[in-house]
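Some notes on the structure that comes next.
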Amino acid sequence: MKSLAKITSVMAIFVSGYAAAATDGQPILSFADQSDTGGESFLTRDGDTVLVTVEAQGLTPGNAVTLWWVVFNNPDGCSGGVCGDDEFNPGNEGLLGSAQVAVGNASGNVVKSNGTLEFGGVLRRNTMDDHQVLFGAGFSSPYLLTVDPNDAEIHLVVQVHGQARGGKKLREQLTYFEANCTPTCSDVQFSMHLAPGS
């Protein structure tokens, strides 16, 4: 019990350290029609660290779901100054480079019986975390975040892997891109956190 109390107090200190930093809340939208799903994501930028919490809704109970960072380290390099789908269209690899886009896993969880889900994740500048990185900033860096967090535009993507499996397969579902899809994986929701002052 002493160790549990110690862990709890350390976590309280860790979380309270972010209380003074500004937190940006954004609605979670549907990929299908950009409608508001009722969920919300909260992003806190503090020093060289980004902290995110996500409260998702409207998901299928029992599904395995992952949360993905999509970091635009240079938002000015996005198509027309607007970061989004254009950078990922075939033939637009140059935009991925100019916007210094990076994609990696933030978290994973299983949807509750009421269709809701909570995620939490931490992203540190120029640091390799224990999550899958699909590609680093602009393909030229191993890191997701290479600039001051206040200069980056950060999108969050919710990917559904289908019904949760067990054991190692579930761990893979909650960690890796399009892992153990049952029967298919799909990006279903997203939120966007613009760089402060943009």
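The values are calculated or read from the model by the stated rules, or taken from the named source; none is laboratory data. In this text the structure is predicted, and so the values were computed from the model without any measurement. Cβ atoms come from the backbone with ideal geometry, glycine included; neighbour counts cover every protein chain shown. Ligands, DNA and RNA are excluded from the accessible area calculation, which covers all protein heavy atoms including side chains. Shrake-Rupley method; radii C 1.70, N 1.55, O 1.52, S 1.80 Å.
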So Leu170, is it under 17 Å from the mean Cα position of the chain (by Cα) and either open to solvent by 40 Å² or more (accessible area, probe 1.4 Å) or of a type outside the set (D, E, K, R) (or both): no
Odd one out for Glu87, checked against (1) buried (at least 17 other Cβ atoms within 10 Å of the Cβ); (2) at pLDDT 90 or above: (2)
Residue within the range 162-176 that is at pLDDT 95 or above and closer than 24 Å to Asp46 by Cα present: no
Test: Gln57 is open to solvent by 30 Å² or more (accessible area, probe 1.4 Å) and out of contact with any strand residue (DSSP E or B) (no Cβ under 8 Å at 6 or more places or on another chain): no
Criterion: out of contact with any strand residue (DSSP E or B) (no Cβ under 7 Å at 6 or more places or on another chain) and in contact (Cβ under 8 Å) with a residue 60 or more places away in the chain - qualifying residue of Asn105, Asn92, Asn74: Asn74
Only listed residue being at pLDDT below 90, open to solvent by less than 70 Å² (accessible area, probe 1.4 Å) and small (Gly, Ala, Ser), chosen from Ala21, Ala102: Ala21
Test: Ser35 is free of Cβ contacts under 8 Å to residues at least 12 places away in the same chain and touching a strand residue (DSSP E or B) at 6+ places or on another chain (Cβ under 9 Å): yes
Residues within the range 40-99 that are touching a helix residue (DSSP H, G or I) at 6+ places or on another chain (Cβ under 7 Å) and either in a helix (DSSP H, G or I) or more than 24 Å from Ala22 (Cα to Cα) (or both), tallied: 12
Set Ser191, Ser113, Ser186: member being among the hydroxyl-bearing types (Ser, Thr, Tyr), within 25 Å of Glu40 (Cβ to Cβ), modelled with pLDDT of 95 or more and buried (at least 17 other Cβ atoms within 10 Å of the Cβ): Ser191
Matching residues in the range 67-113 - criterion: being under 17 Å from Arg124 (Cβ atoms) and of a type in the set (S, T, N, Q): Asn73, Gln100, Asn105, Ser107
